[in-house]
Structure formats: C-alpha cells, structure tokens
1. Within the set Lys64/Lys84; Lys192/Lys262; Lys52/Lys208, which residue pairs have Cα atoms separated by over 22 Å?
2. So if each residue of separation counts as 0.36 nm, and I subtract the Cα-Cα distance between Gln168 and Asn275, what length gain in nm does that give?
3. Once label points are set 7 Å from the Cα along Cα→Cβ at both Gln153 and Glu386, what is their separation, rounded to one decimal in nm?
4. Per the helix-only calculation at 222 nm, which mean residue ellipticity applies to the chain, given -39500 (n - 2.57) for every DSSP H run of n ≥ 4 and division by its residues, nearest 500 deg cm²/dmol?
5. Could you run the Debye sum over the Cα atoms of segment 132-271, one equal point scatterer each and no solvent, and tell me log10 of I(q)/I(0) at q = 0.11, 0.14, 0.15 Å⁻¹, two decimals?
6. Sort 164-174, 125-135 by packing, meaning the average of other beta carbons within 10 Å per residue, with the highest value first.
7. Do any of Lys212/Lys336; Lys61/Lys272; Lys141/Lys337; Lys51/Lys93; Lys46/Lys115 go past 31 Å between their Cα atoms, and which?
8. Neighbour counts of other C-beta atoms within 10 Å: give me Met221, Met102 arranged from fewest to most.
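We did not get these values from a lab; they are worked out from the coordinates using the rules stated. It should be emphasised that the depicted structure is a prediction, and the values quoted were computed from it without experimental measurement. For neighbour counting, all protein chains shown are included, and Cβ atoms are generated from backbone atoms with ideal geometry for every residue, glycine included.
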Amino acid sequence: MLKKRVAIFSRALWKNGATKSLVELLRRIDLNKCNIDLYVLDFSNKAEWVKKIPKEINIEKVPKYGWNKETLYTIFFHPIHFIKSLYAGGKLKSNLSEIEYMKYNAARMPINRKKYDIAISYRHFDVDIFYVKNNMNASKKFFWIHGIQNLHQAEVSELKSVYKSYDQIFPVSIAAQNNIITFFPELLNKCKVAYCIVDSDEIIENSKHGRKLEKMQNQLMWNILTIGRLSAEKGIDLALRTCKELKKSGYSFRWFVLGEGKEREKLEYMIKQENLEEFILLGYDENPYGYLASCDIYVQTSVLESYGLTINEAKIFHKPIVCTNIPAAREQIIHKKTGLLVRAAETDVAAAISTYIDDKLFRESVIFNLQNEDNSHFESVEIFNEIIANE
C-alpha cells in the first residue's frame, strides 16, 4: 500500500502548548502509513521538545520568493497568485489588522509545488490557516484549534470562507469547539474534539529526572506552584496579588512560577514594590515534572485557555488544584471533588488555597478522587491515524 503524503504547517516551534502537542503527536503516529513534511515559517526560539520529532519526518522551511523552483512554478503555473503576491507585498508595508497581516503574509509566499493527500494547518488563528488554504495543493485539508478568541464582526467575515473551505476541524477541547461555533455555527458538523496528548506514565518517569522543590524544615511551609507563560492571558499578575493576600493572612509559603514571557519585568517590579520575596520566578524549564511532583498545591490563574495542559499534568500527580473558573477548567475539574474553581479575584483564589491548607480532610478527599482518575489522552493519535486510513 502506498504511503499517504501529509503536509503539516506550523508557523513556529516556540515553547508553548501547541508546539508541545504537535511534537507529542508526531512521536506517536504510524509512520509506516504516511510520509510527513513539516513546514515551519519561523525557526527562532525553538522549543527543546523539537529534538524529539522522529528523524523520519522531513522538517522544511516554508518556501519564499527567490531563485528557486517554487518561484518559477508560481510565475508560470499560477500567474494570478504571483500578481497577488506583489500586491500583498505592498499591503504588508501599511497598517493592517491582525487578520489582514496573516492573510497578506501567506499571500506573499509562492505556491507550494508539491501535491499532498492531506494538508494540516496546526493553528487556526495565524498565517497557517491562510497558507494551507491558498498555497498548498492537497486532496483534503484540516485544521486544529488551540486557542480561544473573541472575534470582531470584521474578523468573522474575513475568516468565514477560509474556515468553510476546510474538510474537518479539530478543536483541542470542548471549550475550544464551543468558542469557534459561537462565531461560526455552520462549522459544528465539521468539528471533532482532539484532546492534547497526555502520557501519564511518561510524565511520571520524567519527573524522576527533573528538578524538585525542597521541603523546608518548617513543616508548615507550603510550596505552591504555577506553570505558564508570563503573559496577560495566563494571569500571573493575579497570582502575585493572591500571594499578597495569603501573606497578609499569615500563611507560611513559597509560590514558584515556571515560565518565561514578556511580562517578566512588570512582575519583577511588582514583586519588589510589594516586598513579596515569597513569589519566585523560576524561568523556563524543559522538564517541569519534578516541580509538579514535589509541590503541595497547584494554582492556575489563567484568564483564557483552550485546554489547560498543565492542569491535566497536575492531576496526574494528584495535586490539590485551584483554577480560575474558565470554560476549559470546568471541562477538566469537578468543583470540590477534583479541585476548586474560583472567580478570577485574588480574594477568591487566596480563600481556595487557604481551604486546602486549613482543611486536611477536604485536601485528602480531593487527592483521593484524583487517584481514581485516568488522565492520559491519546485521542489525537487515534484521530490522526483515522484520517490517514480514510483518505
């Protein structure tokens, strides 16, 4: 049987959940049934996980105009696209909306001359979605949804025809699916939830080789952990304000944050201004699982989340979890049974943390409930193999 030819487009391979989920998928799919080309536009700041991509997968830089076969192919066989590329080049020099920038950025690139059975856009709100639609030749096209967006009417109008042109759509959670069909209800029948891959056994094994939080001599010292990019949507500033509340209440704790991002300077300033030496920015760590295994309480203060991968990972280690009450968290946490869901306010987050600290019986009941859950997810692998088999 001939192998299926598959192209996957991912604008970048940065240190984020989308890249991690892509790598985990590529590690597990049946490469005896398909040949995969992974196209990447931006190779800067690559995540360490990229090294785990199987060597059988061909990683290519997205072709651009120049003295190459793609340019000649576009000029001779797709002259209208070439003319549009010249126009797009001019538009990119003007003030554009986010959607317009994505569209013209893709239009500025030549047609990919290879023919595929399947082409996949691994992001739905980026240049990926336009490039796969307009620049790739494939029998079937799919896209993954890794984010939650609040779209304006102009953006909905711009994206409607793009999204409708795809054959199937794979949101990484029910929350992500509900978000997309709020704006594009006609896409519901094309959606199939494909949760990010979570391998409990591998995560537990990796925790044995990762750095751990030290237990203090003072047994009343609690180690709180948050993992997330230092950006507005992750709500690290809310975690910092919660730290201030807990300190005022007299609790003995250290709050560690794993992750990097553009808000580091702002957070460092806040830490200094409020004298919150208990709030410690650890930076990025490729293997966070030692920290997860050794923390006492896990707190996620996200404002937006399509799927809380680190929430799932904290559940694997049976950690008492506090999370802001966002749709993705409600999909993963049963309030007062497998965690606590709270309003995005420092008083509420602090009250939930203090509940775990003060109420041993409740804390142990949550841990017990988590011990009886299976938190592994391999649906994405099954879905991908299904796609290959059916095309």
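1. On the way: Lys64/Lys84 14 Å; Lys192/Lys262 33 Å; Lys52/Lys208 19 Å.
Violating the 22 Å limit, Cα to Cα: Lys192/Lys262.
2. Working: separation 107, 0.36 × 107 = 38.52 nm, distance 5.12 nm.
Using 0.36 nm per residue and subtracting the Cα-Cα distance, I get 33.4 nm.
3. Each label point is offset 7 Å from its Cα along the Cβ direction, giving 3.7 nm.
4. Working: 16 runs with 164 residues, N = 391.
After summing the helix terms and dividing by the residues of the chain, the value is -12500 deg cm²/dmol.
5. -0.69, -0.92, -0.97
6. On the way: 164-174: 19.6, 125-135: 22.7.
Ranking the peptides 164-174, 125-135 by packing returns 125-135, 164-174.
7. Numbers: Lys212/Lys336 27 Å; Lys61/Lys272 43 Å; Lys141/Lys337 40 Å; Lys51/Lys93 36 Å; Lys46/Lys115 27 Å.
Violating the 31 Å Cα-Cα cut-off are Lys61/Lys272; Lys141/Lys337; Lys51/Lys93.
8. On the way: Met221 15, Met102 23.
By the 10 Å Cβ count, ascending: Met221, Met102.
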